[in-house]
Amino acid sequence: KMNDYNIANIFSTTLRDTGEVALIDGDTKQIINIVKTGYAVHISRTSASGRYLFVIGRDGRVNMIDLWMAKPDNVAEIRIGLEARSVDTSKYKGKEGDFTDKLAIAGAYWPPQFVIMNGDTLEPMKIVSTRGITVDTQEYRPEPRVASIVASHFKPEFIVNVKETGKTLMVDYTDVDALKITELG
């Protein structure tokens, strides 16, 4: 760690119209840095270790900010779609292995998909379409949006909410090449 900031007390504040986030030291109330990000950041999430802050904008741009740098700033970015809302990192450490911060995941409205990425580089590893059948009327939906994603601390999985299908996907990431996805209506 190259700074003296209390990492547990840094605030990420969205500066919506400027396409930036302000990192604020919660102890001193001073701005640490204003970081260029995607347009209209929708969510900021810290990695399991607390070292990285991941933000995703409505323009589908994911930024990875290293909070351990002398002046925290972007270290990687990727665009996963044209319209997006959620990002998270793997948080599980257990009998299946230590997956903390090994993977990142982001979901898009367009194209309707989620992307699993390398947690250190944001290099895409797997793209999964969310097109499918609704749980109630069994109607095909060509454009179901990924609304939110949360990483489980108790299992090696991401919980992905897909709006128009009414489904929640439990994505087991123990083998990214052969994902096991359980659908819940």
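Scan region 34-60 residue by residue and report those that are part of a loop (DSSP other than H, G, I, E, B) and open to solvent by less than 40 Å² (accessible area, probe 1.4 Å). Give the steps one after another, and end with the answer.
So in region 34-60, the residues part of a loop (DSSP other than H, G, I, E, B) come out as 37-40, 47-51, 58-60.
Once the filter is applied, which keeps residues that are part of a loop (DSSP other than H, G, I, E, B) and open to solvent by less than 40 Å² (accessible area, probe 1.4 Å), region 34-60 yields 37, 38, 40, 47, 50, 59, 60.
Being within 30 Å of residue 163 (Cα to Cα) and over 19 Å from the mean Cα position of the chain (by Cα) narrows it down to one residue among 88, 59, 17, 27; which is it?
Working: 88 fails: over 19 Å from the mean Cα position of the chain (by Cα); 59 fails: over 19 Å from the mean Cα position of the chain (by Cα); 27 fails: within 30 Å of residue 163 (Cα to Cα).
Checking each option against the conditions leaves just 17.
Exactly one condition in (1) in a strand (DSSP E or B); (2) at pLDDT 95 or above; (3) surrounded by fewer than 21 Cβ atoms within 10 Å (Cβ to Cβ) is not met by residue 27; state its number.
The single condition residue 27 does not satisfy is (1).
For residue 174, are the conditions met, namely being open to solvent by 30 Å² or more (accessible area, probe 1.4 Å), β-branched (Val, Ile, Thr) and free of Cβ contacts under 8 Å to residues at least 60 places away in the same chain? Reasoning before the result, please.
On the way: open to solvent by 30 Å² or more (accessible area, probe 1.4 Å): yes; β-branched (Val, Ile, Thr): yes; free of Cβ contacts under 8 Å to residues at least 60 places away in the same chain: no.
For residue 174, the condition - open to solvent by 30 Å² or more (accessible area, probe 1.4 Å), β-branched (Val, Ile, Thr) and free of Cβ contacts under 8 Å to residues at least 60 places away in the same chain - is not met.
For region 151-171, give me the residue count where each residue is in a strand (DSSP E or B) and either of a type in the set (Ser, Thr, Tyr) or loosely packed, with under 15 Cβ neighbours inside 10 Å (or both).
Of the residues in that region, 1 qualify.
Can you say whether residue 133 is more than 25 Å from residue 77 (Cα to Cα) and in contact with a Phe, Trp or Tyr (Cβ under 7 Å, 6 or more places away or on another chain), as far as the supplied structure shows? Spell out the reasoning first.
Details: more than 25 Å from residue 77 (Cα to Cα): yes; in contact with a Phe, Trp or Tyr (Cβ under 7 Å, 6 or more places away or on another chain): yes.
Answer is yes for this residue.
Within region 142-150, is there a residue that is open to solvent by 40 Å² or more (accessible area, probe 1.4 Å), farther than 18 Å from residue 90 by Cβ and not basic (Lys, Arg)?
Checking region 142-150: at least one residue is open to solvent by 40 Å² or more (accessible area, probe 1.4 Å), farther than 18 Å from residue 90 by Cβ and not basic (Lys, Arg).
Among the candidates 51, 16, single out the residue that is basic (Lys, Arg), under 23 Å from residue 150 (Cα atoms) and at pLDDT 95 or above. Step through it out loud before you land on a result.
Numbers: 16 fails: at pLDDT 95 or above.
Of 51, 16, the one residue that is basic (Lys, Arg), under 23 Å from residue 150 (Cα atoms) and at pLDDT 95 or above is 51.
Do you know which residues across region 1-16 are free of Cβ contacts under 8 Å to residues at least 12 places away in the same chain and outside any strand (DSSP E or B)? Walk me through it before giving the result.
So the first thing to find is which residues in region 1-16 are free of Cβ contacts under 8 Å to residues at least 12 places away in the same chain, and the list is 4, 13.
Selection gives 4 alone.
Out of the residues in region 118-141 that are assigned to a strand (DSSP E or B) and either touching an Asp or Glu at 6+ places or on another chain (Cβ under 7 Å) or over 16 Å from residue 62 (Cα atoms) (or both), state the one that is most open to solvent (accessible area, probe 1.4 Å). So that I can check it myself, show each step before the final result.
First, pick out the residues of region 118-141 that are assigned to a strand (DSSP E or B): 118, 124-129, 132-133, 140-141.
Filter once more, keeping what is either touching an Asp or Glu at 6+ places or on another chain (Cβ under 7 Å) or over 16 Å from residue 62 (Cα atoms) (or both): 128-129, 132-133, 140-141.
Values: 128: 24, 129: 70, 132: 13, 133: 63, 140: 127, 141: 81 Å².
Ranking the qualifying residues of region 118-141, first place goes to 140.
Can you pull out the residues in region 94-117 that are surrounded by 15 or more Cβ atoms within 10 Å (Cβ to Cβ) and in a strand (DSSP E or B)?
103, 104, 105, 106, 107, 108, 109, 113, 114, 115, 116, 117
From 21, 75, grab the single residue that is crowded, with 20+ Cβ neighbours inside 10 Å and either part of a strand (DSSP E or B) or modelled with pLDDT under 95 (or both). Let's see the steps before the verdict.
On the way: 75 fails: crowded, with 20+ Cβ neighbours inside 10 Å.
Step by step, each of 21, 75 is checked, and only 21 is crowded, with 20+ Cβ neighbours inside 10 Å and either part of a strand (DSSP E or B) or modelled with pLDDT under 95 (or both).
Take residue 80 and tell me if it is at pLDDT below 95 and of a type in the set (Val, Ile, Thr).
On the way: at pLDDT below 95: no; of a type in the set (Val, Ile, Thr): yes.
Taking the combined requirement at face value, the residue does not satisfy it.
The values are calculated or read from the model by the stated rules, or taken from the named source; none is laboratory data. What you are looking at is a predicted structure, and each value in this text was computed from that prediction instead of being measured. Every residue, glycine as well, gets a Cβ built from its backbone with ideal geometry; the counts of neighbours run over all protein chains shown. Side chains are part of the model used for accessible areas, which takes the heavy atoms of the whole protein and leaves out ligands, DNA and RNA. Shrake-Rupley method; radii C 1.70, N 1.55, O 1.52, S 1.80 Å.
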